[in-house]
Each structure stands twice: as structure tokens, then as C-alpha cells.
There are 2 protein chains.
Amino acid sequence: MNDLDTLAVNTVRGLCIDAVQQAGSGHPGTPMGIAPVAYTLWQKFLRFDPQDPIWPNRDRFVLSEGHASALLWSLLYLTGVRAVDPDYEVLGRPAVTLEDLRTFRQLGSRCPGHPEYRWTSGVETTTGPLGQGVATSVGMAMAGRWLAARYNQPGFPVFDFDVYALAGDGCMMEGVASEAASLAGHHKLANLCWIYDSNRITIEGYTDITFTEDVAARFLAYGWNVTTVADANDLNAVDRAFRTFRAETERPTLILVHSHIGYGSPVEDTPKAHGEPLGAEGVRAAKRFFGMPEDEHFHVPDGVRQCFERGIGARGAELRASWTKMFDSYSHAWPALAEETDLIQRRRLPEAWDALLPDYPPDPEGLATRDSSGQVLNAVARGVPWLVGGSADLAPSTKTRLTFEGAGDFQPDEPAGRNHHLGVREHASAAVANGMALVKLRPYWSGFLIFSDYAKAAIRLSALMEIPVIHVFTHDSIGVGEDGPTHQPVEQLAGLRAMPGLLVFRPADAGEVVETWRVVAALHHEPAALVLSRQKLPTLDRTVLAPASGVARGAYVLADAPSGTPQVLLLATGSEVHLALAAREELAAQDIGARVVSMPCWELFDRQPKEYRDEVLPPRVTARVGIEQASTFGWERYVGDGGTVVGMHTYGASAPLKQLLKRFGFTPGRVAQAARELVSAQGGSTA
Amino acid sequence: MNDLDTLAVNTVRGLCIDAVQQAGSGHPGTPMGIAPVAYTLWQKFLRFDPQDPIWPNRDRFVLSEGHASALLWSLLYLTGVRAVDPDYEVLGRPAVTLEDLRTFRQLGSRCPGHPEYRWTSGVETTTGPLGQGVATSVGMAMAGRWLAARYNQPGFPVFDFDVYALAGDGCMMEGVASEAASLAGHHKLANLCWIYDSNRITIEGYTDITFTEDVAARFLAYGWNVTTVADANDLNAVDRAFRTFRAETERPTLILVHSHIGYGSPVEDTPKAHGEPLGAEGVRAAKRFFGMPEDEHFHVPDGVRQCFERGIGARGAELRASWTKMFDSYSHAWPALAEETDLIQRRRLPEAWDALLPDYPPDPEGLATRDSSGQVLNAVARGVPWLVGGSADLAPSTKTRLTFEGAGDFQPDEPAGRNHHLGVREHASAAVANGMALVKLRPYWSGFLIFSDYAKAAIRLSALMEIPVIHVFTHDSIGVGEDGPTHQPVEQLAGLRAMPGLLVFRPADAGEVVETWRVVAALHHEPAALVLSRQKLPTLDRTVLAPASGVARGAYVLADAPSGTPQVLLLATGSEVHLALAAREELAAQDIGARVVSMPCWELFDRQPKEYRDEVLPPRVTARVGIEQASTFGWERYVGDGGTVVGMHTYGASAPLKQLLKRFGFTPGRVAQAARELVSAQGGSTA
């Protein structure tokens, strides 16, 4: 540690203090405590070029304690990280300006309250909800290992990046972090380093009021290497810890750093340092302590930016330059692989990726959509070599296993395997998928729809970050049958549909499953949830009914009223589309013209032009029956004031499906009756 | 171990095998493997009287691996546990009959696919979603310790029950279990015993494909005692393990039992034993192995039921009799305390529990509903001594701390404390609250509304079980401000409202907060979610506006159109009620009569008679504006085809609230404009 190091660390602290003070809110204490560690990592170890923050082989830095965002903003500013546009072009302008720091937490600033992916370049993942960052970092490390296994060739280490995550006490308490740590230990992710910023303070007080476990021992139990830094301010010890990580080849590493929240301020080591500005006097006292000018705000002493230029800047530039040179040779030696990595970086699909998509002939018996989806997934995966994923221990049930030759299992001794065994860890599964998508693989994960509840917070982050994760959920209704209400989703569909930015698909048959995957595979910036049946569903005859390509518009007229002028609309998704078709027949026999509208994806339908929407759901036809084996919540948008919904109003029950359908009223007769009542109320014919 | 023990164990196995085979679906392997442990626990240790399965001081048995429900059904049948009616009266009939076992997993059977609380007596909590049972058991043990601290007196150990949870590999992988185990270790819950049924098999295969951590070491790190049973069939070793637990006074105990899934069957130790019937041949082979008659189904050999009678039956009866005798004396010595325990058991409130509820005078500045709720909570807690709870490390922000004298902190050395420090463990917090409610305390827990996502699966269980947990969520909208979209709920309200059985309250001011708590405190069998603001809200003048008691009906006319005949309805909840009132003024100035309807609880409103609903929302007034800082999803139910919603369509942003309100259109002007447009479209006056 030399004087310039100290000066740089204290400059970071000063910027954080000032930004929080200026904003009038925020979290000054964590950056003050952990700045020496973040500085050492960035300046001495991180293989990252500020001139190209999306260089594919960069080390990833995840600020899992996202409330300490000022720390990241300061580093992005001081290292001169450049901005990137939404199409992955590096721009000339900086990611963060001094003005952004001055407008920390204000509308439009590149320095928001928490790091937001795609809003500020240099942010590798959105963080703030605790535990998510570290869990996501496991997915990044898994992706790194997979990329290395697939693309590296002798003499061409195209991918060998490391993943660092900085986490606080809160992250260590969250279950999702425990799940992810267990998984990382299993996979022996030696390219993963978590830095545990242990300042022993949380919002309610000292951690010893509730968190007295031995974290180091816990991580050893997970199979991690653990090393400790007794004082965050001891830059030599910090340096040694990172070298320990670099030298480790068999295990992920936890660096347990004892730090002092609000270090150097009057509120050091107290909960007051966590979530509020230091106040004018506190700011002055801290700056005095650090030997900084007390009344100069956002002060960057001479030499500090140059110091970063000579450190991370020079190292990053050199690493990237030599990598680029190496990659040029690689492109000649291994053109097909190089082309793939390029497609990956641009989130494109290979040509003819959909060549193997199956075609399903009409079949009254049919197959479960989980089954057809599994077949289609395999076809897509053969066309898109970097489509990888797995299940939270339910692959035999969710049918998401890639079974073609060479797909293999992702394991420590088989890092190119494409099937992940994620364990009974739904939350980490979704977070790991997020991490893989952030490294630009195309990940999916699967579970029962009911257990989407466990993963909700991570699913939300995929939507908030606008990354194309594919969430595959099966056992989508009381169709689960005998396992009963604990396993039968009711309100999950509504909950997912209410989430901005998530496309929720509930296809009705194998034909719609193919079209769903066609849409989903091509998504660049949107996650999707597939909601699939456990039970068999007929494969519809598309020579009689409308083609399944209507899925791309979210909803479409599957079968119109026999006469062509519907008196009533039957709106349904998934398994209930078949119920609607049966009810349509029954109504036709009673001379009531019913149109069946299949609505596999509400979000896509809502985006269609009004003309199309009115064509599918003619405003003059107000007799409408929505049919779905789920909470009726939200259906009023489509059935309107004149309509009704045949849906679930309670939880389900444990029984064979047939008994449940009768018990909860999912019969053609009940649907037809509801339709008749609506038509009759309007004075229409009831035959 | 004697021959009768062996016979009884094998009888349990036989019943489980037959029940699954008869049902044609289910999970035979786990009961077969772990039956000796469950038998030993019930027969030799569990302080439980089958004649009174709701005896308050019974030991609790939680089947966290709920898919093994056949094991529990067999034990309930063989021990002759009696049924209990919904009003907590023990009935003469058995909880489970042989006919119920024969109709396992069929509609109406008392033996559903997973244990369901209140459906079958002897079920202490609904299980099936993995990890929930063990996490809930921590709440039960905390409740037991608290009850002991408050009610036991010298010579009167009224509460000293233990809590046992039987868990599989899946439970051990779930994050919620990790969170709960850490909390249990902190609290040194020596009354808690988890039995880890380690059969090394999950659905995807052997656990070593993803779960290779050292579980015992992990639990030691949490501060637990760990003991191991090398073979589940070694009844003496199992016996010793339970004695080890009983002797432990400082730590919770994990008994790690190595078991063989599908023991004795052709599929022993394979994933095939997990989730499907053994098949006719497999059933025969297993019975042959156990020395049971191969073709006799649901066979209970002579002497087995008598064996249980002499074991758990006699011990339970004696324990309960002596407890009852002791409690009689206690009732004389400590009548007030005895009366309290009686109210607790019947889920009643003390008289005058609401005597201290505050009254809020009109105040244009007002206070945040999180603040008024904190004050009201304190008043309720003073009136209801067994209202206990805490926060997932956010009490200073959620304002849920009980601050009156004597409230104290629940800690190992302060077991009568009423404030829980739950740590940054939202999921376990909700599960722990479930456990406390199952022991019939009145628990609450709190967090930010956004983090309800983390706890979703446990919140759902409170609704499914119909237990009166109070979920307190603050920071309820973009009102969060600078922390930005990761912390600003948007879709959470819709998700909670879609959940059957959960009452969701979003009060508009301190007056509505008081009335919300009045309703919530009196709930017997429903959980509630309180959704509260971070920012200040005016306290409304109820001499001018309608009284806040309208909360009890879910929605009410807060302010009618000045002329009394509204042209437009402004429907709002929480902070947006004030926006509606301001818009009403603006519209009045333009001679448009607007009625403001406050809708704090949709679920209660939906239960009102049609007359009341039509009175509040007159069908003839179709110009309706819904206003809520949340996803518009679901609002169509109230605004109808003629209405519109001023709500959120995207995620929020990081900025001070005032900037956000403007950016997202939550201004009186925008609301008034929306109202004018609707009125105008109907040809009404727009001034």
C-alpha cells in the first residue's frame, strides 16, 4: 500500500459521502467501510477494460450489496468506464459523469439508488434485493465455465474470466444465497469469489441480535475455500486474499472481510451509518479523518484518475488487446466457433435454428403440453447450441431434459454439459438463469408452476433487467390432481401476468407449443414464462381450426361461430381451450353461435393494434365467457361488464383430475350454460 | 427392539404401500425408508394423546416431507387419533378411518395427497412445498418457548412441549430451511428437533448430482447439535438419537438418519421408489420381504393397534391427565394467566382489547400509514398480550417495534420478549409466523411490500391453512422514491389480491389504519396483509367525510358528488385516495360531480350484498376512474368497460417521490382529466 493507494481509496470514500449527502438519502456507511477492498480488486485484480465494458472475457464484478451503489458509481467514474448503447455499441461518452454523481438518486441520473443493468454500463446485474447478486454470480460463473469448455481450444483460452461478488451480512442471511452457495460448492466453481463484507451491522442493529452462526464454517461445509481478512483497511491482507482466490483451482472462494461501517465518521460501527447521510458535520469529520479538504465536495485529487489509468486501465487495455489478437487467430483456426461466440454476444440465433421444430398432426388423444414442450425444447436446443438449462429437481416431470446425443450433464468433470441439475432450489435456479443470461447464454429453468412462488423475486429481476430468460412451469392448474392444493396453482398465473415485462404463455396444444417456442426463442430482451399442462391435451386439427401461428399475436380466433356471426365469445387458454371448443359444439346444437378465442399470451395481445383486438373480440359482442383453471383475477379486462368467468375462486383439492373438473365446474355443460345465460340475458336466442 | 416393534413398523409400511398402490399415485418409498424412525418417535417419545390431539401442551410433529403423507395417515389411523371440529371440539369419531386410507388421494378422503391443516386432525401444519414444514417448526418452537416464559410458574410447567420435524433431502436444499435453521440456532431452541431423512435420492436421481455439501457441518455452523443414525432400521440407534435430543438443553438438534428409500422393495435406493406406486409385483415383493401376507391389503395384524395403545396411547393419556390436574391447580393459583391461555386456545381476544386504540384528529400534514400502523399495533399489542412479532430486519422502517414497557426483545436469555429480530430472512419470517399462529399466538411480521415476493410461498400457506397471520408490508409503491425500481412494488398488490383467502388492506389514512387493525385483530381464520405507505398522508376530516369504519365493508363512499348525483366515480386505495379527493375538488370547480370511493379491502367489498355494492358503485354510473400506484391488473373488475385506470404500466424509477408522481402521472390534474374525458365521451357536461 502506498500513499497513492490511500489517496485513491479515500477519494472513493469522499465521492460516496458527498453523493449521499447531496442526495439527502442513501447508504454511505458500506462504501466507507469496504472501499479499500473494492479499490484493491478493481485496481490490482479485475481483468476489465474501462474502454470496453462489454469485452466478452472481462471479469465480472457484482455489487450484491446494491444499496452501496455509490461505491460502484464512484469506481465507474474514476476509472472512466465508457457508456454502451442498447445495441451493444461502446460509445465515446463516459458511463458516469461527475454530474451524474452530483445527481445521485435523481430522475434521469445514471447513478440511481441501486445498480440497474442496461441503464448504466459497467453494471453487470441489477442488485438491491438482497441475496440476488450473489446467487446471480453463480450463474455467471457456471456460464463462464461452460463457455470455456465449449469454445476454448489448445492455445486459445477465449473464455477464462472470473466472477466476483461483494456481499454484506444481509446477503449472507438470505436463503437464495444459501441455495446458490451450495450449488456453487457442488460445481467446484473456482472462478467464483464472494467477498463477504462483514461489518456486523444491519438495519435493526448489531447482527448478533439474530445472526450468530459461523459463516466461514458454513461455507466450508458447502465445499468452499474460505479466507479471512481481519481488517478491510489492511490493503496487503486484502491483496493476499485475492491471490488466495486466484491460486485456488478446485473450489469457489469466500473472502470474509471484517470491515467497519461508516469507517472514519462519527457514526462508525453503528446502525446509523447504514441508511442515512452523515450530515454536514459528519461529512466534515469524516473528511478530516481521511485528510481530505473538508469543504470541497466531489473532490478528486490530482493523480487519482491517472492512478486508475495506470492500474486497471493499463492492465485492462493490455489484456483486451492481447485477447483480441488471440481471438483473431482463433477466428481463422476455428471460424465456426468464433462465429457462434459472436452470435452469442449479439444475442442472435444461428440461421435455421428452427429447422428441427416438429410438426404435430391432429390427434384427439394428444399429449401434455409439458411433453410437446420438452420435444420442442430439444429441437430448439439442437439449433441453438448455447441454449442450456435444467430443472429444480423436476426434469422427469417438467420434461425439460435435453436428451439428444452430446447434450450431457453439466458437472465439474463435464463442464460442456447442457443439462443442469439445480436441486430443490427454485429461487437459486431462477437467479442462476439470470446470471447465465447476463453472460448472454440462452438459459431456461423449470419447475412446477406452484413453485414459481419460491422464485418470484428472481423472476422479477429477469423482467426488470429485460433479459431473455425462459422460465418453464408445468403442472399448471388443478390438472395436477391428487397432489392437492399445496401443488395446484390458482393465483400464480395472475401474479405472473401482473409483472411488467414478462411474457406469460399458456399454450393449448402441441401446435401452440411449437409457436410459443418460436416466439420465445427469438426474444432478445424479454423473459418469458411457459405455463404447461401435466395432463394430456388433444392436438387440434388446424386444417379445420385456425393455424397456431396466431400465438404470435397473443390471442386469435380459433373457431368462429358456425354462422360466422358470434352471439357469444368463449375466451380460454391452455387446457380450457378444449373445454371452450366442446362448449361451442354444445351451443351450436342449440343454435347459439359461439366463437372460441385462444389467448395464450395476454401481453402480446394487448400490444396488437386496436383493429386486430376488436376483430378478435368484437366490441358489439358483450356476451363473453372467460374460462381458465386459475383465479379469475384479471379476466374482467377481456370479458367486460357483460361477461362472466368460469375459473377458480378457492384453492383446489386432492383428487383425480376428473373428479376435480366436476367439483370445480370445468365441464362443457357448465361453460355452455354460462354462455346461454349471458345470451339469454341480452334477449338473444337460447334455442 | 422387540418383535412387536418390528411388526408395528412393518404394518405402517404395509399400509403406506397399499394406500399408494390403491390410489394409483403417490410416494411409497419415503415412508418405507423412514417408518422405523417415525414409529420410534411416536411410540416412545412423542408426548401426544390420540384422544385429544389439540391438547395445548402436546409435542408437535411436523411432516416436512409432506409427500410422505401416507406415513402420517397410517400413524393417525393406527394410534386412533380422534377428529376435531372446526370450533376445536374433540369428536368421538376417528380422524382417519381405514376407509380414508383406502380412498387416499380421492375427493373427500381425510387422507389427501399432502397433509392439510384443519382437514385432518393430527396434522399440525400443511406441508408439501419443501422447506416450509421445517421453517414453520421453528416458529412453533419459538412460540413454545415464549408460552413457557410467560405462563409457566414455579411448580407449574404449563408449556414445555417439544417440536419435531421430519425432513428429506429436498427440505435441506431449500433456502427457507437454511434461513430458519440459522434463526433456530441463534435462539438456541433446545425444544426443536429436525430429523433429516437422508436417503440420497431425489426426483432427478441421486443427490450427489447436485447436493454434495456436508449438511452436518452446516448445522454445526448454525449452532445446532448434530447426531447421526447410520441405519434407520436400527431402532436402538434411533432411540439413542432421540434421547440425545431430549438431553440437549442449549441447542436445537439435527438427527441425521441414513435411510433407504423404498426399503425392502425391488426399487430400494433408486429414484423409482420416490413418486410412483410399487406396482402389484413390487407390493408383493416388499410384503414378502417384511414377512407380511402378500395378498392381503391394508392388513393390520393382531396386536399392533394394542401395541400403540400401550405405547403412545397410555403415555399420552397419562401425561395429559397429570397436566390437566396440574392445570386445574394452576387455574386457582394463577387465574388470570390460566384465563389467557384459554383465550389463546380458542383464538379469542381479551375483553376491551381495543381500549387503547388511538383516535386521530384531522391533520392536513398527517403521518405515514406505516407510522400510524405502528402506533395502532402498539395499542393492540397492549390489549392482546400474546400478539408477538417482528421484522425481517426492517423494524425501524416498517415501524412495527413494540415500544411499551415490558415488550422486550425475544432472545435466548429473554424468552418472554415480544419483539422478534428475524434477520434478513423474509421467507423464514413468514413461515415462522405461520408456526406461531399454529400454536395459536397472534403473530405478525413485517417487511417492505416488494419483499413479499421472497415470502410468497409461506404467505400462501397462511391463506391455505386459514390461520390469522398478520403480514405487515410498508413502502407500498413508487412512494419508496430514491431506492428505485428494485424497491418499488408494482405488481405485488395484484399478486396478493389474487390469492384466495388473504385479506389485503391498503388504508388511506390514520383513521382507516385504526379500522383496519380493528378488523384484522378480530380475525380467527384468515390471514391479512397490511399495505402501508412510507410517505406522510393527511389524516382525513371525518366530520366532513364518511367515517373510516367503512373499512369493515371493504369499500365505502368517502365523499359524494357535491350535488349528490355523481357523474363519475373516483375509486382509489391508500395514498391515491388523497389524489382522488383533490381531483374531486378540481372537477367540482368545473361542475362535474365526482364521488370518491375508498376501497381499502377488495376482498371484503366483494363479500358485501349486491345492494351495498350497487349503492357504493351505482351500475348506472359507468364513468369510473381507478387510481392506484400499482399495476392496473385486476382493476377492470371495478372500473368496468366504461372506465379507465390511472396506474403503473412499467416499473418505477429512482428519484424523489415528487418527481416520480409527475413522471408517472399521479397528479390531480391527470386524474381529473381522465374523469372529464370519460364524462365527455358519454355526452355529459365537461363544463
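A few points about this structure:
- Number of residues in region B:631-646 that are open to solvent by 10 Å² or more (accessible area, probe 1.4 Å) and more than 30 Å from the chain's Cα centre (by Cα): the value is 6.
- Helices (runs of 4 or more DSSP H) wholly inside region A:329-410 containing at least 1 residues that are under 27 Å from A:PRO56 (Cα atoms), touching a Phe, Trp or Tyr at 6+ places or on another chain (Cβ under 9 Å) and outside the structural domain of A:ALA430 (by TED's automatic domain parsing): A:335-345
- The sole residue among A:GLY435, A:GLY383 that is at pLDDT 95 or above and surrounded by 24 or more Cβ atoms within 10 Å (Cβ to Cβ) is A:GLY435.
- Pair list, Cβ < 7 Å and 6+ apart or interchain, from region A:577-606 residues that are on the phi > 0 side of the Ramachandran plot to residues that are open to solvent by 10 Å² or more (accessible area, probe 1.4 Å) and modelled with pLDDT under 95: A:ASP591/A:SER685; A:ASP591/A:ALA687
- Restricting region A:621-649 to residues that are polar (S, T, N, Q) and touching a residue at least 40 places away in the same chain (Cβ under 8 Å), the residue that is farthest from B:SER69 (Cα to Cα): A:THR622
- Failed item, numbered, when A:ALA148 is tested on (1) surrounded by 24 or more Cβ atoms within 10 Å (Cβ to Cβ); (2) farther than 15 Å from A:VAL62 by Cα; (3) away from every other protein chain (no Cβ under 14 Å): (1)
- Enumeration of residues in region A:515-551 that are assigned to a loop (DSSP other than H, G, I, E, B) and either on the phi > 0 side of the Ramachandran plot or of a type in the set (A, V, I, L, M) (or both): A:ALA522, A:LEU523, A:LEU532, A:LEU540, A:VAL544, A:LEU545, A:ALA546
Conditions tested, residue by residue: (1) touching an Asp or Glu at 6+ places or on another chain (Cβ under 6 Å); (2) surrounded by fewer than 23 Cβ atoms within 10 Å (Cβ to Cβ); (3) at pLDDT below 95; (4) within 11 Å of chain B (Cβ to nearest Cβ).
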site: A:GLY652; (1), (2), (3), (4): no, no, no, yes
site: A:LEU657; (1), (2), (3), (4): no, yes, no, yes
site: A:GLY669; (1), (2), (3), (4): no, yes, no, no
site: A:GLN673; (1), (2), (3), (4): no, yes, no, no
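- In the set (1) more than 10 Å from chain A (Cβ to nearest Cβ); (2) within 21 Å of the chain's Cα centre (by Cα), the condition left unmet by B:ASN419 is number (1).
- If you check B:ALA580, B:ALA546, B:ALA528 for being in contact with a Pro (Cβ under 9 Å, 6 or more places away or on another chain) and not assigned by TED's automatic domain parsing to the domain that holds B:GLY669, only one passes: B:ALA528.
- Selected residue (criterion: surrounded by the fewest Cβ atoms within 10 Å (Cβ to Cβ)) from residues of region A:475-503 that are facing chain B (nearest Cβ under 7 Å), of a type outside the set (D, E, K, R) and more than 24 Å from B:ARG105 (Cβ to Cβ): A:PRO500
- Scanning region A:586-614 for residues that are closer than 26 Å to A:ARG518 by Cα, part of a helix (DSSP H, G or I) and touching a strand residue (DSSP E or B) at 6+ places or on another chain (Cβ under 8 Å) yields a total of 3.
- If the condition is being assigned to a loop (DSSP other than H, G, I, E, B) and either touching a Leu at 6+ places or on another chain (Cβ under 6 Å) or without any contact (Cβ under 8 Å) to a residue 60 or more places away in the chain (or both), then region A:654-665 contributes A:ALA655, A:GLY665.
- Residue within region B:601-615 that is within 22 Å of B:ARG542 (Cβ to Cβ), open to solvent by 10 Å² or more (accessible area, probe 1.4 Å), hydroxyl-bearing (Ser, Thr, Tyr) and at pLDDT 95 or above present: yes
- Residue, farthest from A:LYS399 (Cα to Cα), within region A:363-380, restricted to residues that are in contact with a Lys or Arg (Cβ under 7 Å, 6 or more places away or on another chain) and crowded, with 19+ Cβ neighbours inside 10 Å: A:GLY366
- Every residue from region B:271-290 that is of a type outside the set (Gly, Ala, Ser) and either open to solvent by less than 20 Å² (accessible area, probe 1.4 Å) or in a loop (DSSP other than H, G, I, E, B) (or both): B:HIS274, B:GLU276, B:PRO277, B:LEU278, B:VAL283, B:LYS287
- Being in contact with a Leu (Cβ under 6 Å, 6 or more places away or on another chain) and at pLDDT 95 or above is a description that does not apply to B:ASP49.
- For region B:29-140, the helices (runs of 4 or more DSSP H) that sit wholly inside it and include 2 or more residues that are surrounded by fewer than 22 Cβ atoms within 10 Å (Cβ to Cβ) are B:98-102.
- Some residue of region A:314-321 being farther than 19 Å from A:PHE48 by Cβ, small (Gly, Ala, Ser), modelled with pLDDT of 95 or more and in contact with a Phe, Trp or Tyr (Cβ under 6 Å, 6 or more places away or on another chain): no
- Listed conditions (1) buried (at least 24 other Cβ atoms within 10 Å of the Cβ); (2) within 12 Å of chain A (Cβ to nearest Cβ) are all met by B:PRO412, apart from (1).
- Residues considered: B:LEU220, B:LEU192. Of these, the only one that is touching a strand residue (DSSP E or B) at 6+ places or on another chain (Cβ under 6 Å), modelled with pLDDT of 95 or more and open to solvent by 20 Å² or more (accessible area, probe 1.4 Å) is B:LEU220.
- Annotation note: Cβ proximity below 8 Å between a residue of region A:112-125 that is without any contact (Cβ under 8 Å) to a residue 60 or more places away in the chain and a residue that is surrounded by fewer than 24 Cβ atoms within 10 Å (Cβ to Cβ) and β-branched (Val, Ile, Thr) (sequence gap 6+ or interchain) occurs for A:PRO112/A:THR120.
- If you go through region B:448-473 and keep only what is in contact with a Phe, Trp or Tyr (Cβ under 6 Å, 6 or more places away or on another chain) and more than 11 Å from chain A (Cβ to nearest Cβ), you end up with B:LEU449, B:ILE470, B:VAL472.
- Single residue of B:PRO562, B:PRO566 found to be open to solvent by 20 Å² or more (accessible area, probe 1.4 Å) and outside the structural domain of B:ARG506 (by TED's automatic domain parsing): B:PRO562
- A:THR11 open to solvent by 20 Å² or more (accessible area, probe 1.4 Å) and closer than 21 Å to A:ARG305 by Cβ: no
- Residues satisfying the criterion are present in region B:298-315 (criterion: assigned to a loop (DSSP other than H, G, I, E, B), open to solvent by 60 Å² or more (accessible area, probe 1.4 Å) and of a type in the set (Asp, Glu)).
The values are calculated or read from the model by the stated rules, or taken from the named source; none is laboratory data. These numbers come from a predicted model, not from an experiment. Glycine also receives a Cβ, built like all others from the backbone with ideal geometry; neighbour counts cover every protein chain displayed. When the accessible area is computed, the model is the full protein with side chains, heavy atoms only, and any ligands, DNA or RNA have been set aside. Shrake-Rupley method; radii C 1.70, N 1.55, O 1.52, S 1.80 Å.
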